[in-house]
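As structure tokens, the structure follows; a few thoughts come after it.
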Amino acid sequence: MSSPAPDQHPTAGGDPEALPYAPLEGRFDEAFAQSGRPHSHTEGMIESLNGLGSQRLQALGERRDTIFMQRGITFDSTEPDGQTRDRPFPLDLVPRVISAAEWEYISSGVQQRVQALNRFVADVYGDREIIRDGIVPWRLVATRPGFARVADGLEPPNGVWCHVSGCDLVRDNNGIWRVLEDNVRVPSGISYVLENRIAMGRIVPELFAGYAVRPVANYPELLLDALLAAAPTRVGRPTVVVWTPGPANSAYFEHAFLARQMGVELVEGSDLVVRDAACYMKTTNGLRRVDAIYRRIDEDFIDPLELRADSVLGVPGLMRAYREGNVSIANAVGTGVADDKAIYHFVPDMIRYYLNEEPVIANVPTWLLEDPEQRDYVEERIDKMVVKPTGEAGGKGVFIGPSASDEEVARQRDLIAEDPGNWIAQEVIWLSCAPTLVGGGEMAPRCVDLRPFAVYGDEIEIVPGGLTRVAMREGSMIVNSSQGGGSKDTWVLGGDGGRGRPHHDFDPPTMPDLPQVGWTEQGQQQQQGSR
Amino acid sequence: MLARIAHDLYWLGRHIARAEHTARMLDGLFQVELEGGADDPRSVSLSWESVVVVMGAGSLAQPTGRSLRDDVVERLTSDRSNAVSIVSSVGAAREGARRLRDTIPAEAWEALNTFNLELQQRLRDGDVGTGSQSIYSYVKESSALYWGLAAATMQRDDAHSFLFAGGRIEAAAMVLRMLRVALPPVRPTDDEGSEIPRRDGNALALLRAVGGFQAFMRSAAAPPRAEPVARFLLFERAFPDSVAASTDFLHRMLSRADSEPGGSTAALRLARLIADLELRRRSELGPDELPTAFREIQHELEQVEREIHSRYFGGDLDIPQRATA
């Protein structure tokens with residue numbers, strides 16, 4: 001594909017530094033139409049980028065890395081040599097812009113999905129109506145690694161199981177949104193959404209000119225409200241804590257960030273203790289009752305008495321306190337059953353079953369390899385498929401047919417034959433691309449996805465935007481940050497089309513001018529007179 | 001000590017605190033400006049006009065061809081002809097310190113001198129011109145460095161008292177000014193539904209600007225809405241930039257420096273203000289009463305300023321006529 005002709009570019013004529021960019025042929029581009037012109041809602045942002053020029057952008061990129069290292073916004077990345085290093089979280093300076101109308105569509109789709117998933121979890125550990133009505137097979141549900149027998153018969157205080165969830169969305173060649181997977185266990189990444197926005201404001205405030213970008217900064221408040229709402233009813237304001245496995249965890253930064261922003265304690269397992277089926281934390285003033293725990297630790301580890309006995313991170317007796325209704329845990333124990341990749345296949349049916357609605361955003365076509373017929377179909381065209389292990393997250397063990405070698409294909413076939421129930425296959429979705437700064441201050445198309453975050457308190461709230469992850473390698477579709485992916489600040493524009501901010505009448509109080517220093521000769525005389 | 005020296009120390013403290021709070025306010029507004037839209041649950045009405053009102057920095061007339069933002073930012077940051085710009089405040093602090101070199105610790109003087117030079121250098125390099133607010137972080141950090149060195153190395157004598165008294169009274173005055181502008185009276189024509197979220201948004205922006213967000217979240221048993229935030233910034237003694245903490249500290253400094261604090265109208269008046277703040281803390285404050293409370297407290301603080309000038313420096317406080325008339 002050749003570069004667009006100069007006259008097609010909005011600022012190419014006026015600015016010698018304008019960044020050349022050619023959308024990838026055949027792919028949907030988030031910022032440009034195939035003609036090479038920006039979409040109407042990205043035009044202003046692209047113009048500002050061109051105004052900065054590639055040299056300045058390169059310099060700003062270095063400044064960004066310094067800021068992130070200084071603020072400690074890093075993650076562990078595995079280098080090609082196998083070493084793990086602390087690296088600045090790679091934020092791309094070109095934001096992803098989502099129009100108000102598009103966001104309306106996305107958020108209604110995510111909301112619907114989260115609601116259905118929550119109903120599903122409640123049902124699976126409750127009356128199992130969806131199973132009795134034959135929509136989801138019981139054998140599949142009960143064999144999921146995320147299915148928690150200990151949660152059977154539980155009822156969380158306000159009926160919410162999935163307090164915090166994230167849906168991974170992608171867009172195909174035609175710009176159609178699809179859900180790639182659901183995360184209702186311990187979705188991470190929200191701290192990067194908030195830190196990215198702060199960093200963008202500090203590094204490239206020019207880009208915001210003329211846009212009313214919907215704020216994301218109130219997320220910790222939404223989360224705190226949801227946790228307070230989930231807490232068992234007791235006298236006074238409930239005590240909320242964030243539970244982290246510890247500083248060795250790759251998302252520790254996020255755990256600390258959320259605790260700090262919510263003004264609550266960040267606890268580890270050894271800080272918590274259960275007495276008489278109630279949970280307490282050890283403070284300098286003795287034990288203090290804990291009402292709601294936002295756990296950022298896998299549920300297998302939370303109580304060695306009832307779950308994994310070898311867990312040294314857990315709190316003995318916590319499940320008992322939980323079952324007695326003396327402490328809330330978010331997300332609830334057992335939600336993992338809903339984001340299993342084999343259950344994903346059934347989510348559209350759940351939406352129809354529980355909500356009596358058609359899914360707003362469709363799934364990616366998926367095959368369950370446990371089913372011999374589906375397996376044969378997939379085996380025949382495995383080089384055109386993506387194969388994923390059902391119980392994993394973070395892009396681990398994902399097989400991408402089109403880019404796999406013969407050897408890899410053979411190995412994958414063996415793996416499937418070994419345990420077909422552990423695998424699903426999906427049609428390859430050619431992810432949409434977005435202009436991204438690559439080496440040398442140039443802009444090139446790179447694949448992106450989107451993870452909006454939903455918080456379920458009294459109702460489902462969705463943070464405008466979410467985490468846009470970007471594959472930094474050319475042609476790659478793996479966006480996971482543990483595998484070299486980066487991120488973009490994601491802008492959702494205000495309802496007025498995003499141009500300009502609302503005007504408020506301004507009616508200021510009258511205020512005296514600031515006093516000025518006033519040592520005078522006359523003052524000196526008065527001084528002598530008065531004392 | 002000499003009244004002139006005490007006066008210069010007091011104003012040195014005021015100028016540094018003024019520069020710091022101006023930087024906090026502008027930084028906060030840059031953040032506000034990046035976000036916000038009509039359909040947000042909490043919109044923010046703070047604007048570049050508001051800053052001008054806080055500073056009382058003259059008319060809003062703007063030269064043609066420039067945005068109000070660029071104009072206000074320049075006027076309050078780098079404009080030397082404006083006495084309340086950051087560069088003027090830091091310059092005035094440095095000039096004051098030059099006359100006090102035998103009184104303030106050498107390390108603090110060097111930090112302030114470097115602050116002044118580096119600030120000018122950064123402004124020449126166009127750090128503000130390109131829209132980055134890093135200059136404001138620099139101002140915050142440099143003033144913290146100055147206060148830290150002074151606190152660590154200064155003899156606790158009258159000089160220390162007047163320097164820190166100046167810093168605290170300026171902080172209290174600036175926080176009150178910001179509160180008044182961020183939470184103006186509810187107009188009778190306003191419909192409640194839109195007015196309340198706007199005040200909440202402003203309160204949160206202000207809380208973040210003065211660096212009190214985490215302190216608030218950890219101490220208050222309430223979400224960051226207008227009323228609890230206003231109460232926090234007025235009455236919370238454990239938060240160092242609150243009006244109550246500043247006036248407490250100021251009172252300690254004056255009581256220590258004054259040979260006869262019981263006979264000092266400045267100290268007495270201040271003690272009355274402190275008691276008044278404590279009484280107000282113990283009573284309910286409706287949304288309508290907040291702006292009145294701000295105004296009354298600000299007025300009383302201004303009287304304290306005047307008393308300090310006449311008791312210790314023997315001169316009248318120079319508040320420009322235009323605004324007080």
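Suppose we keep only residues that are assigned to a loop (DSSP other than H, G, I, E, B) and of a type in the set (Gly, Ala, Ser) within the range B:276-325. Which one would you say is modelled with the highest pLDDT? Explain how you work it out, then say what you get.
Narrowing the range B:276-325 to residues assigned to a loop (DSSP other than H, G, I, E, B): B:282-288, B:314-317, B:319-320, B:325.
Going one step further and asking which of them are of a type in the set (Gly, Ala, Ser), we end up with B:283, B:286, B:314-315, B:325.
Numbers: B:283: 88, B:286: 74, B:314: 78, B:315: 69, B:325: 29.
Checking each candidate, the answer is B:283.
Please go through the range B:207-230 and give me each residue that is farther than 25 Å from residue B:139 by Cβ and in contact with a Lys or Arg (Cβ under 7 Å, 6 or more places away or on another chain), ordered by number.
B:221, B:226
If I go through the range A:40-64 residue by residue, how many of them are without any contact (Cβ under 8 Å) to a residue 60 or more places away in the chain, surrounded by fewer than 18 Cβ atoms within 10 Å (Cβ to Cβ) and under 26 Å from the mean Cα position of the chain (by Cα)?
1
Tally up the residues in the range A:163-193 that are in contact with a helix residue (DSSP H, G or I) (Cβ under 7 Å, 6 or more places away or on another chain) and in a loop (DSSP other than H, G, I, E, B), please.
Total satisfying the criteria: 4.
Within the range A:445-463, can one find any residue that is touching a residue at least 24 places away in the same chain (Cβ under 8 Å) and on the phi > 0 side of the Ramachandran plot?
no
Consider residue A:466 against the criteria (1) closer than 30 Å to residue A:48 by Cβ; (2) surrounded by fewer than 22 Cβ atoms within 10 Å (Cβ to Cβ); (3) small (Gly, Ala, Ser): it satisfies all of them except one. Which criterion is unmet?
So the condition that residue A:466 fails would be (2).
Name the residue, out of A:246, A:236, that is more than 11 Å from chain B (Cβ to nearest Cβ) and either of a type outside the set (A, V, I, L, M, F, W, C) or under 21 Å from residue A:263 (Cα atoms) (or both).
Answer to the selection: A:246.
Is it the case, given these coordinates, that residue B:83 is part of a loop (DSSP other than H, G, I, E, B) and either more than 21 Å from the chain's Cα centre (by Cα) or more than 30 Å from residue A:210 (Cβ to Cβ) (or both)?
For residue B:83, the condition - part of a loop (DSSP other than H, G, I, E, B) and either more than 21 Å from the chain's Cα centre (by Cα) or more than 30 Å from residue A:210 (Cβ to Cβ) (or both) - is met.
Going by the conditions given, is residue A:194 in contact with a Ser or Thr (Cβ under 7 Å, 6 or more places away or on another chain), within 12 Å of chain B (Cβ to nearest Cβ) and buried (at least 20 other Cβ atoms within 10 Å of the Cβ)?
Working: in contact with a Ser or Thr (Cβ under 7 Å, 6 or more places away or on another chain): no; within 12 Å of chain B (Cβ to nearest Cβ): yes; buried (at least 20 other Cβ atoms within 10 Å of the Cβ): yes.
Taking the combined requirement at face value, the residue does not satisfy it.
Restricting to the range B:80-107, give me the number of residues that are buried (at least 22 other Cβ atoms within 10 Å of the Cβ), of a type in the set (Ser, Thr, Tyr) and more than 12 Å from chain A (Cβ to nearest Cβ).
Residues that pass the stated criteria total 1.
Would it be correct to say that residue B:240 is in a loop (DSSP other than H, G, I, E, B), under 18 Å from the mean Cα position of the chain (by Cα) and not aromatic (Phe, Trp, Tyr)?
Spelling it out, residue B:240 is indeed in a loop (DSSP other than H, G, I, E, B), under 18 Å from the mean Cα position of the chain (by Cα) and not aromatic (Phe, Trp, Tyr).
Pairs only if they're at least six apart or on different chains, beta carbon under 6 angstrom, first in the range B:235-246 and at pLDDT 95 or above, second surrounded by fewer than 18 Cβ atoms within 10 Å (Cβ to Cβ) and in a loop (DSSP other than H, G, I, E, B); list them, first residue then second.
B:244/B:237; B:245/B:237
Is it the case, given these coordinates, that residue A:48 is farther than 17 Å from residue A:195 by Cα and in a helix (DSSP H, G or I)?
Yes; evaluated as a whole, the condition is true for this residue.
If only one of A:185, A:234 is under 22 Å from the mean Cα position of the chain (by Cα) and not hydrophobic (A, V, I, L, M, F, W, C), which one is it?
A:185
Condition check ((1) touching a residue at least 60 places away in the same chain (Cβ under 8 Å); (2) in contact with a helix residue (DSSP H, G or I) (Cβ under 7 Å, 6 or more places away or on another chain)) across all residues:
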residue: A:311; (1), (2): no, yes
residue: A:334; (1), (2): yes, yes
residue: A:338; (1), (2): yes, yes
residue: A:343; (1), (2): yes, yes
residue: A:348; (1), (2): no, no
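The values are calculated or read from the model by the stated rules, or taken from the named source; none is laboratory data. Not measured: the values here are computed from a predicted model. As a convention, Cβ positions derive from the backbone with ideal geometry for all residues, glycine included, and neighbour counts pool all protein chains shown.
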